[in-house]
Amino acid sequence: MADSDVRIQPKKKGLTRRQKRSLSRGAQYVVFVAAVIVFAVTADWGRLKNQFAQWDIAKEMFPDVITLALKNTVLYTVSGFVLGLVLGLVIALMRLSSVGPYRWLAGVYIEIFRGLPALLIFVFIGVAVPLAFPGTEIVGGTYGKAALGLGLIGAAYMAETFRAGIQAVPKGQLEAARSLGFSPARAMVSVIIPQAFRIILPPLTNELIMLFKDSSLVLLLGVTLEERELSKYGRDLASTTANSTPILVAGLCYLLVTIPLGFVVRRMEAKAQEAVK
Amino acid sequence: MSRPEIEVRDLHKSFGTNEVLRGIDLEIGQGEVVCVIGPSGSGKSTLLRCVNLLEEPTKGQVFVGGTELTDPDVDIDAVRRRIGMVFQQFNLFPHLSVTENLTLPQRRVLRRGKAAAAKVAAENLERVGLSEKADAYPASLSGGQQQRVAIARALAMGPEVMLFDEPTSALDPELVGDVLAVMRMLADEGMTMMVVTHEMTFAREVADRVVFMDGGVIVEDGTPAEVIGNPSHERTRHFLSRLLDPAMAQVEEETSDRPGKGD
């Protein structure tokens, strides 16, 4: 073993590993600072401020941006999420069913709605359905259509999340429940799903965030002034004022919700990690 | 003696081409305590799991309390209410407190009222000596405590038969005693028990009969004195010597014809 002893000794010539490490780190800082300086010097600050930070335009937006646009965004998201949750659970249970056609149907559903762009689905609901089935009315008008669109998309993702969560519950739990006399359905409802739900709370919250952002697609359904959500509201104002400030404000309103939600997800994940230890 | 409480007739069980049980005949009388011993992969856990149909037998019949479980039309959930089962990994419901672990099955399966279920839960927690842990969650209990809660949960359903699947194998050695004490208490009270175990002291002192299994068949079946004290088969002797004095075992060639890995 004398051989390897020699090899791991510090080399006598050239840079030591420690010197190389600090050199590499120093280079990274230099690149970062250089990039910031280049941006600060070349950016047209006056123009940027004019475009994005017009205080009176921003002030004009309140309180409507909150009481109307953000409220509608939340309303679309929550209704879509609830529909997706219910539909997703049903599809997950179909996917785990012992009946072949159910499994097959659920698989096809998930592939389709995860594979298609959300935008296309909204176009389909807003344009294709009324043309293909004249006279049919989706209940709830725009709100119903938005919930349907977001729910159909969310269900595909949530079905997979539910399935993973149900399968992550140890097999012994079902065996214990069955040995106590629970029927398969009752064991699922009383023992498995409550545990699966805890496991999937973080990914489910992520899906809520995803739907929150996708709710911007509601503008494709053709909405009235009262039905506008953040993106449509911001875009409309941006074109009437010929200024980008409303877009910035609308964007900040999204972050107002998504950043705290993301924080909650990370907290839950850390807690779950701790529980495993 | 009247009809045996547990009766197994010509039981076969295969997993794919792997034949784990190759014709088991076994009777356990009311109030009898039977310990099933044998090397891992001998099919003893599979046999136990066939007795409440957690495993579907490939062939043969299983009767518990005179009801045939292998009858395709049997209400298996109703039969299982009479059969308590205790698992190696405890399998407590981690999202419920100790008391809720005991009351949920009573309420959902037996449709007992809230007060009645709570009363039965408290009684059974007291029997296993864990009244003070009533509000704790399983994760905060030691393995031995969890297993005693699991026994109490099974008892709260008022079973006529109790099945134990290596109940002490997942426990730290110093925690085994508490669980065995509870099982001994049950045996003394006249519970019919079928216990898959490696605890030879328990088998010797508490069991009425010891069954030695190897290779999916029952090799020996008799009183503890006969099977453990004076085994008549070479396979039993070999197994017992390895179990009682593991440090003296020799390195052996692996035999590939042994059926069933990880029962």
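Just so you know, all these numbers are worked out from the coordinates, no wet-lab data involved. No experiment lies behind these values; they were computed from the predicted model shown. For neighbour counting, all protein chains shown are included, and Cβ atoms are generated from backbone atoms with ideal geometry for every residue, glycine included.
Summary of computed values
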| quantity | calculated |
| --- | --- |
| Mean Cβ count within 10 Å, highest first, over the residues of peptides B:6-15, A:154-163 | A:154-163, B:6-15 |
| Cα-Cα over 19 Å, subset of A:K71/A:K213; A:K71/A:K145; B:K13/B:K44; A:K71/A:K271; A:K145/A:K232; A:K49/A:K213 | A:K71/A:K271; A:K49/A:K213 |
| DSSP-defined beta bridges in the protein assembly as shown - what % are antiparallel, rounded to 5 | 55 |
| Two-site FRET efficiency, A:Q28 against A:L255, from Cβ-Cβ distance with R₀ of 41 Å, rounded to 0.05 | 0.90 |
| Nearest-0.05 FRET efficiency for A:R235 and A:L120, computed from C-beta distance (R0 22 Å) | 0.65 |
| Spin-label pair B:D71/A:A132, simplified geometry with 7 Å Cα→Cβ offset, distance in nm | 5.2 |
| Global form of segment A:71-276, assessed from the alpha-carbon gyration tensor, a/c cut-off 1.5 | oblate |
| Note, ³J(HN,Hα) from phi for segment B:66-80, Karplus 6.51, -1.76, 1.60, rounded to Hz, x at Gly and Pro | x, 9, 7, 6, 7, 5, x, 9, 5, 7, 4, 5, 5, 5, 5 |
| Shape of the protein assembly as shown, Cα gyration tensor, a/c cut at 1.5 | prolate |
| For B:83-92, mean number of other protein chain Cβ atoms within 10 Å | 4 |
| Ellipticity estimate at 222 nm from DSSP helix runs (n ≥ 4, -39,500 (n - 2.57)) divided over chain B, nearest 500 | -9500 deg cm²/dmol |
| Percent RCO, i.e. relative contact order, over chain B, from Cα pairs under 8 Å lying at least 6 residues apart | 27 |
| Residue-averaged 222 nm ellipticity for chain A, from DSSP H runs of 4+ at -39500 (n - 2.57), nearest 500 | -24000 deg cm²/dmol |
| Alpha-carbon centroid distance for the pair segment A:27-86 / segment B:132-175, whole angstrom | 56 |
| B:E205 paired with B:E252, simple spin-label distance in nm, labels 7 Å along Cα-to-beta-carbon | 2.8 |
| Tilt relative to chain B, helix B:98-109 - C-alpha long axis, 0 to 90 degrees, to 10 | 90 |
| Between segment B:176-225 and segment B:56-78, the alpha-carbon center distance in angstrom | 24 |
| Full-extension gain in nm, A:E269 to A:S183, via 0.36 nm per residue minus C-alpha separation | 27.8 nm |
| Placed amide H near B:M85: partners under 5 Å, 5+ positions off or other chain | B:L163 |
| Order of A:W45, A:W104 under a 10 Å beta carbon neighbour criterion, fewest first | A:W45, A:W104 |
| Length-normalised contact order of chain A in % [C-alpha pairs under 8 Å, at least 6 apart] | 26 |
| Segment A:L75-A:R198, length gained on full extension (0.36 nm per residue, minus Cα span) | 41.8 nm |
| Dipole moment magnitude, nearest 20 debye, segment A:71-276 about Cα centre, only Lys, Arg, Asp, Glu C-beta charged | 480 |
| Shape of segment B:196-247, Cα gyration tensor, a/c cut at 1.5 | rounded |
| Dipole axis of segment A:71-276 (+1 Lys, Arg; -1 Asp, Glu on Cβ), positive-most option in A:V191, A:A92, A:I259 | A:V191 |
| Mean Cβ neighbour count within 10 Å, used as a protection proxy, ranking A:238-249, B:222-233 highest first | A:238-249, B:222-233 |
